[in-house]
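K.L.:
Quick one: the structure is below, and I'll ask about it shortly.
Rule-based calculations on the coordinates, nothing more; no lab input. If you're wondering where the values come from, they're calculated on a predicted model, not measured in any experiment. Methodologically, a virtual Cβ is constructed for each residue, glycine included, from the backbone with ideal geometry; neighbour enumeration extends over all protein chains shown.
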Amino acid sequence: MPDAARLWPILLLIASNIFMTFAWYGHLKHKGAPLFFVIVVSWGIAFFEYCLAVPANRIGSQVYSAAQLKGMQEVITLTVFAIFSVAYLGQKITVNHMIGFTLIAGGAFFLFRQ
């Protein structure tokens with residue numbers, strides 16, 4: 001089993017990305033809501049994202065470089081976003097989306113090569 005310093009950042013980044021995806025894109029399901037209200041609610045949701053992302057990066061910096069943490073963040077963000085987009089917004093992920101996501105994940109792969 002990986003040690004906590006390797007595992008916790010991943011789990012915390014997954015949780016933080018769920019919050020941030022709702023903060024950034026959840027309001028698209030409620031386009032009739034006033035923009036000011038949407039901004040305030042999104043900002044409130046983002047607070048919880050920060051409460052998870054900051055410790056994830058602090059803990060993760062013990063075993064990962066900043067570039068590795070950022071690459072990990074991007075792959076997690078795209079994964080969470082793809083699931084959210086289909087499950088919550090009811091949008092389809094196209095072949096072109098998957099190609100783009102795969103290229104970004106490929107870039108993150110190189111951040112972890114020795």
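K.L.:
Arrange the following residues from fewest to most other Cβ atoms within 10 Å of their Cβ: Glu49, Glu74.
P.N.:
Least crowded to most crowded, the residues run Glu74, Glu49.
K.L.:
Hey, another quick one. Per DSSP H run of n ≥ 4, the term is -39500 (n - 2.57); total these for the chain, divide by its residue number, and report the mean residue ellipticity at 222 nm rounded to 500 deg cm²/dmol.
P.N.:
After summing the helix terms and dividing by the residues of the chain, the value is -26500 deg cm²/dmol.
K.L.:
Also, I was wondering about something else. Taking the alpha-carbon centroid of each part, what is the distance from segment 76-90 to segment 34-71 in angstrom?
P.N.:
Comparing the Cα centres of segment 76-90 and segment 34-71, I get a distance of 17 Å.
K.L.:
A further question on this structure: Given an 8 Å cut-off on Cα distances and at least 6 residues of separation, report the relative contact order of the chain as a percent.
P.N.:
Relative CO of the chain lands at 34 percent.
K.L.:
Over all directions, the average projected area of the alpha-carbon convex hull for the chain comes to how many nm²?
P.N.:
8.2
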